[in-house]
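Student: Here it is: the structure, laid out below.
The values are calculated or read from the model by the stated rules, or taken from the named source; none is laboratory data. Only a predicted model underlies this, so the values are computations on that prediction, with no experimental measurement involved. Quick reminder, even Gly has a Cβ in these numbers, built from the backbone with ideal geometry, and neighbours come from all protein chains shown.
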Amino acid sequence: MKLVRKLILALGLFTGCATLAEAHAFLDHAEPKVGSTIKVSPSVVNIWFTEELEGAFSKIQVFDAKGTEVDQKNVKVDLTDKSLMSVSVPKLPAGTYKVVWNAVAVDTHHTTGTFTFVVTAP
């Protein structure tokens, strides 16, 4: 009987830890797409995550090839889809742009990442 209880306890702990490990907000997809080449400058960079975000602690920044931040610093998490975070950008000239994101899930787990996209014409 003791062995059965220990096994049940161990299984419960393992399951609990596995659930916690899945609670990080990772990039699911983005628009413009990660690594894409687009002909027309976007007006907004949208990133969808695998978890709902805490808007007060999450952000997106967009940098040009010189490292200058070019976004309009108006990051927001969508009110109806809390896994969607966006930031506006002005009309971007042709070039390569780096997106840097920091996401804090509603359970307070923090993740970060980057990706690039290329604009071929403004």
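Student: Being surrounded by 15 or more Cβ atoms within 10 Å (Cβ to Cβ) and modelled with pLDDT of 95 or more is the filter; apply it to the stretch 20-43 and report the residue that is nearest to the chain's Cα centre (by Cα).
Tutor: Checked the stretch 20-43; the qualifying residue nearest to the chain's Cα centre (by Cα) is L27.
Student: Looking at (1) of a type outside the set (A, V, I, L, M); (2) closer than 20 Å to V40 by Cα; (3) more than 13 Å from the chain's Cα centre (by Cα), find the lone condition where S86 falls short.
Tutor: Only one criterion is unmet by S86, namely (3).
Student: Further question: Go through the stretch 48-58 and count every residue that is buried (at least 18 other Cβ atoms within 10 Å of the Cβ) and in a strand (DSSP E or B).
Tutor: The number of residues fulfilling the criteria is 2.
Student: Looking at this structure, is D78 charged (D, E, K, R), surrounded by 12 or more Cβ atoms within 10 Å (Cβ to Cβ) and free of Cβ contacts under 8 Å to residues at least 40 places away in the same chain?
Tutor: Considered against the rule, which asks whether it is charged (D, E, K, R), surrounded by 12 or more Cβ atoms within 10 Å (Cβ to Cβ) and free of Cβ contacts under 8 Å to residues at least 40 places away in the same chain, D78 comes out as yes.
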